[in-house]
1. Out of curiosity, is B:Met38 assigned to a helix (DSSP H, G or I), in contact (Cβ under 8 Å) with a residue 40 or more places away in the chain, at the interface with another protein chain (Cβ under 9 Å from one of its Cβ atoms) and within 23 Å of the chain's Cα centre (by Cα)?
2. Using the structure shown, decide if A:Met266 is of a type outside the set (Lys, Arg), touching a Lys or Arg at 6+ places or on another chain (Cβ under 9 Å) and facing chain B (nearest Cβ under 10 Å).
3. Yes or no: B:Thr67 more than 9 Å from every other protein chain (Cβ to nearest Cβ), of a type in the set (Ser, Thr, Tyr) and within 14 Å of B:Ala267 (Cα to Cα)?
4. Scan the range A:276-286 and give yes if some residue there is surrounded by 16 or more Cβ atoms within 10 Å (Cβ to Cβ), more than 7 Å from every other protein chain (Cβ to nearest Cβ) and modelled with pLDDT under 95, otherwise no.
5. Please go through the range A:249-280 and give me each residue that is more than 20 Å from the chain's Cα centre (by Cα) and not aliphatic (A, V, I, L, M), ordered by number.
6. Within the range B:103-192, considering only helices (runs of 4 or more DSSP H) that don't extend past its boundaries, which have at least 1 residues that are hydroxyl-bearing (Ser, Thr, Tyr)?
7. Pick from the range B:1-35 the residues that are at pLDDT 50 or above and in contact with a Leu (Cβ under 9 Å, 6 or more places away or on another chain): which of them is farthest from B:Ile278 (Cα to Cα)?
8. Looking at the range B:78-102, which of the residues that are outside any loop (DSSP other than H, G, I, E, B) and of a type in the set (Gly, Ala, Ser) is farthest from B:Pro210 (Cα to Cα)?
Amino acid sequence: MRAHLLARLLISPSALLILVCVYGYIAFTFYLSFTPSTLLPQYELTGGASYKRLVGLENWSVALSNLWVFASLYIGFALVLGLGLAILIDQKIRAESAFRSIFLYPMALSFIVTGTAWKWLLDPGVGLERSVHMFGWTSFSFSWIKDSELAIYCVVIAAVWQTSGFVMAMFLAGLRGVDSEQVNAARVDGAKTWQIYLRIIIPQLGPVFVSAFVILCHMAVKSYDLVIALTNGGPGRSTWLPSVFMYQYTFTRNEMAVGAASAVLMLIAIGVVVLPYLYNEMNKAKHG
Amino acid sequence: MASPNAAARRAGGPPVPFGVARLALYAALLVLALTFLMPVYVMVVNSLKPLDEIRSGNLLALPISWTIDPWLMAWSTAQIGVQPTGLKPYFINSFLLVIPSVVLSTLIGALNGYILTQYRFRGDHLLFAAMLFSVFIPYQIVLIPMAKTLGLLGLAGTVKGLVFVNVVYGIGFTTLFFRNYYAAFPGELVRSARMDGAGFFGILWRILLPNSSPIIVVTVIWQFTNIWNEFLFGASFSDYSSYPLTVALNNLVNSSTGVKEYNVHFAGAFIAALPTLIVYLLSGKYFVRGLMAGSVKG
């Protein structure tokens with residue numbers, strides 16, 4: 001069994017890296033969140049003071065409520081638009097692959113690029129608002145990105161544009177795997193196309209919904225680049241998300257313990273959604 | 001006569017007659033396609049206009065006087081931080097970062113995938129699950145200790161440091177890709193090779209890797225796009241000499257003082273998008289497969 005030994009030997013560097021740089025670091029950040037660390041890590045434990053401070057901070061409640069608005073709209077719209085696109089594409093259309101490519105390409109771009117492009121598109125001074133004015137509709141107003149109440153919706157627009165094509169690809173794969181017997185039977189019975197989708201096809205897409213939901217959730221919680229490029233958290237702090245909060249408090253405001261605590265809460269939020277899903281997928285893989 | 005069944009519907013079947021419904025379908029698709037294309041159209045069109053034309057004109061209009069000056073400026077003279085270097089050195093940084101990161105993480109993924117499917121050992125499922133979860137962690141949770149580690153290793157603010165980081169957090173993805181691929185690989189081939197006396201590396205080199213080109217392509221594309229587009233690690237762990245392109249672009253766009261040079265920003269954004277767009281256009285099919293493999297299957 002020399003090969004067996006070799007196998008274990010060769011996978012151990014990866015195992016070690018993951019153990020240290022993922023789980024060790026998680027433990028480290030968790031530990032830091034219970035210390036009074038500021039600019040540099042400090043190692044004496046002072047209990048949950050930083051969590052207390054975190055929860056009391058207005059910046060954190062702003063970030064949380066923004067995340068709530070952003071995540072629910074982003075996930076909702078990406079799912080609906082993704083499914084809609086997939087159904088349109090599934091109608092035996094001409095140039096299917098061209099349409100598919102067009103809807104999917106934003107996924108190849110960096111959020112920084114996307115943010116830069118949308119930043120100027122949404123800017124009332126140079127972007128769409130002015131273009132519409134020039135086409136003659138001068139009372140048209142679209143200055144959400146300058147409005148601290150509405151700027152978060154601009155982040156939603158750009159994020160949905162970036163990912164709905166990907167959701168479409170997932171649904172399209174699901175649609176192509178739908179059991180055709182039932183669809184046939186319904187068609188013979190004279191069911192209309194929309195009825196077939198509503199009653200037979202969409203109910204079979206449950207697992208795709210779950211996968212897409214989990215992935216979109218985790219992307220929403222991690223979102224950082226797009227906000228930085230699009231609004232840089234502004235106007236004011238109106239588009240702060242927990243990711244922006246974490247970076248700010250850790251690296252520019254010298255409140256490392258509070259930053260660490262916010263990162264721990266982000267991990268927990270993702271874990272709650274992802275772990276049951278992964279557990280389920282692993283079981284499925286094990287039992288065929 | 002074949003019935004107009006779902007199988008035919010999926011397989012392309014006979015062309016559907018053109019009615020009002022079809023017309024509406026194509027109209028909807030066309031409008032959606034134009035909406036999806038608009039940001040890149042705007043980027044390209046406005047990167048070819050002089051600045052005063054953007055200021056006085058319509059963002060959606062074609063240039064009246066075409067110019068490539070914004071591209072030249074974005075590439076070689078735009079102010080990134082303190083130096084008027086343009087994006088060029090950072091474009092090079094990104095390649096110096098992406099190439100070793102992709103090669104290393106792909107090789108490690110292939111090796112791990114091979115071991116995790118062909119050898120049983122205690123805790124193998126747990127190890128795979130641990131790697132899989134690492135794909136989903138918010139990177140904010142590792143930023144502080146990783147910054148400290150890179151400092152201790154003397155890799156803070158270097159491209160090498162970023163290579164290390166991207167390889168470490170890429171292992172989860174690449175292992176997932178190769179493990180799933182090798183799990184579906186015909187076992188008889190491996191068994192018969194083993195019977196013929198092939199050892200650990202013999203099976204990997206002569207049986208598995210030569211049959212792995214589809215998954216290698218997928219993994220390379222996935223890692224290339226991810227690492228090229230990566231921002232958070234770049235922003236956290238690099239300095240002026242080692243910024244990846246995404247960080248440099250963000251500095252160009254967000255820190256410029258005085259006049260906003262939209263055309264230069266658009267050109268810069270397009271320069272940053274170009275490599276991954278080319279990869280996407282050349283290998284769209286594999287790109288999709290990579291996206292799906294990285295997400296759907298566990």
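1. Taking the combined requirement at face value, the residue does not satisfy it.
2. Taking the combined requirement at face value, the residue satisfies it.
3. Values: more than 9 Å from every other protein chain (Cβ to nearest Cβ): yes; of a type in the set (Ser, Thr, Tyr): yes; within 14 Å of B:Ala267 (Cα to Cα): yes.
So B:Thr67 fits the description; yes.
4. yes
5. Narrowing the range A:249-280 to residues more than 20 Å from the chain's Cα centre (by Cα): A:249-261, A:279-280.
If the condition is that a residue be more than 20 Å from the chain's Cα centre (by Cα) and not aliphatic (A, V, I, L, M), then A:Tyr249, A:Thr250, A:Phe251, A:Thr252, A:Arg253, A:Asn254, A:Glu255, A:Gly259, A:Tyr279, A:Asn280 are the ones that fit.
6. Answer list for the range B:103-192: B:124-134, B:140-152, B:171-183.
7. Top of the filtered list is B:Leu25.
8. Checking each candidate, the answer is B:Ser94.
The values are calculated or read from the model by the stated rules, or taken from the named source; none is laboratory data. Here the structure is a predicted model, which means the values were calculated and not measured. All Cβ positions, even for glycine, are placed from backbone atoms using ideal geometry, and neighbour counts span all protein chains on display.
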